[in-house]
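The numbers here are math on the coordinates, done by the rules we state, and not lab data. Everything numeric in this text was worked out from a predicted model, so none of it was measured. When we count neighbours, we look across all protein chains shown, and the Cβ atoms used for this are built from the backbone with ideal geometry, even at glycine.
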Amino acid sequence: MMTITESIEKIKNEIGEKVTLVAVSKTKPVDDILSAYNSGQREFGENKVQELVEKYEKLPKDINWHFIGHLQRNKVKFLTPFVDMIHSVDSVKLLKEIDKRASTDKRIVNCLLQLSIADEESKFGFEEGELLSLIETGKYKEFSNVRICGLMGMATNTVDENKIQGEFAHLRKVFDNVHGTLDSEHFKILSMGMTSDYAIAVKEGSNMVRIGSLIFGERSYH
Ligand SMILES: *Cc1c(COP(=O)(O)O)cnc(C)c1O
């Protein structure tokens, strides 16, 4: 088996310098995160608020923490003081709450809008129409303490690579469309791809992959 450091090196070589690797450390102990940290990794992703806050408190403060899980509005306040990026913004109500809490914390919080691209109902995210209307109406401008940095999506969990590719290609198209409409220097991140599908995602234009099990090994829960 490869060590954490070796796995990170291998993935970085595959994805190239223009793609950011977020190491998804959910369910994994602080020691594993430190191994990755000591090999230079600084971007880490977690999907549970409490787990993220506990790890943030124990670990070096120059880690950039990415929140990638479904986020309940009543928990936003625990993240806004320190989180680097929230990948999973899936409603205007959530965006509004992040803006409010970020303002209290005197921060600007980087956000990605999650688009629903998979079949499964369990995959959260904006419907395309809702997302485009948030952009086209200019409503997003009301939220001055959030910075909309791009889009995130998860493909259907399937062995059908054509299907996965089609879903990522679609997300890329929406990304290009929004990019054209927004004309914002900050809108540049397309977060797609995980252990099973990151190679396809990168081919389809992803510039941020979220990889857990390939780095840290299989998870026993979550
Ligand atoms: C867990 C998770 C990942 C990483 O999954 P792996 O298959 O372990 O790479 C990526 N994105 C999200 C949103 C996740 O919840």
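Here are some notes:
- Model label zone, K75; criterion: amide N under 14 Å from point 7 Å along Cα-to-beta-carbon; scope the stretch 21-37: 26-27
- The GluC sites (Glu not before Pro) of the stretch 1-78 that meet both conditions, a loop assignment by DSSP and at most 16 other Cβ atoms within 10 Å of the site Cβ, are E17.
- Extension gain, V30 to H179, is 49.9 nm, computed as 0.36 nm per intervening residue step minus the present C-alpha separation.
- Note that the stretch 20-31 has calculated 3J(HN,Hα) couplings of 8, 9, 9, 7, 8, 9, 3, 6, 9, x, 3, 4 Hz, one per residue in order, obtained from phi through the Karplus relation 6.51 cos²θ - 1.76 cosθ + 1.60 (θ = phi - 60°); glycine and proline are x.
- Nearest-0.05 FRET efficiency for T158 and N64, computed from C-beta distance (R0 25 Å): 0.20
- Of V178, V109, V159, the one that fluctuates the most in a GNM where the chain has Cα springs shorter than 10 Å: V159
- Label zone at E57, where the point sits 7 Å out along the Cα-to-Cβ direction: the stretch 66-107 residues whose backbone N lies under 19 Å: 66-67, 75-84
- Ordering L214, I8, T104 by the projection of their Cα atoms onto the charge dipole of the chain, which places +1 on the Cβ of Lys and Arg and -1 on the Cβ of Asp and Glu, puts T104 at the extreme positive end.
- Within a Gaussian network of the chain (alpha carbon springs, distance under 10 Å), most fluctuating of N64, N162, N110: N162
- Dividing the summed helix terms, -39500 (n - 2.57) for each DSSP H run of n ≥ 4, by the number of residues in the chain produces a 222 nm estimate of -11500 deg cm²/dmol to the nearest 500.
- Residues considered: T104, T20, T156. Largest GNM mean-square fluctuation over the chain, using C-alpha springs under 10 Å, is found at T104.
- 18 Å cut-off, amide nitrogen to a point 7 angstrom out along E6 Cα→Cβ, residues in the stretch 13-29: 13-14
- Percent of alpha-carbon pairs separated by more than 32 Å within the chain: 14 percent
- Pairs of Cα atoms nearer than 8 Å and 6+ residues apart set the relative contact order; for the chain it is 20 percent.
- Qualifying GluC sites (Glu not before Pro) in the stretch 135-222, where qualification requires a DSSP coil assignment and no more than 12 other C-beta atoms within 10 Å, comprise E185, E218.
- Share of pairwise Cα separations in the stretch 1-129, more than 17 Å, in percent: 61 percent
- Given charges at beta-carbon only (K, R positive; D, E negative), |dipole| of the chain in Debye: 780 debye
- Sparse packing (at most 10 other Cβ atoms within 10 Å of the Cβ) combined with a DSSP loop state is found for the following trypsin sites (Lys or Arg not before Pro) in the stretch 93-167: K106.
- Label-to-label distance, nm, for residues given as S144 and Q165 (7 Å Cα→Cβ offset): 4.7 nm
- Placing unit charges on each Cβ (+1 for Lys and Arg, -1 for Asp and Glu) gives the stretch 52-191 a dipole about its Cα centre, and among F124, F82, T181 the Cα reaching farthest toward its positive end belongs to F82.
- Alpha-carbon centroids, the stretch 159-222 and the stretch 22-46: separation in whole Å: 20 Å
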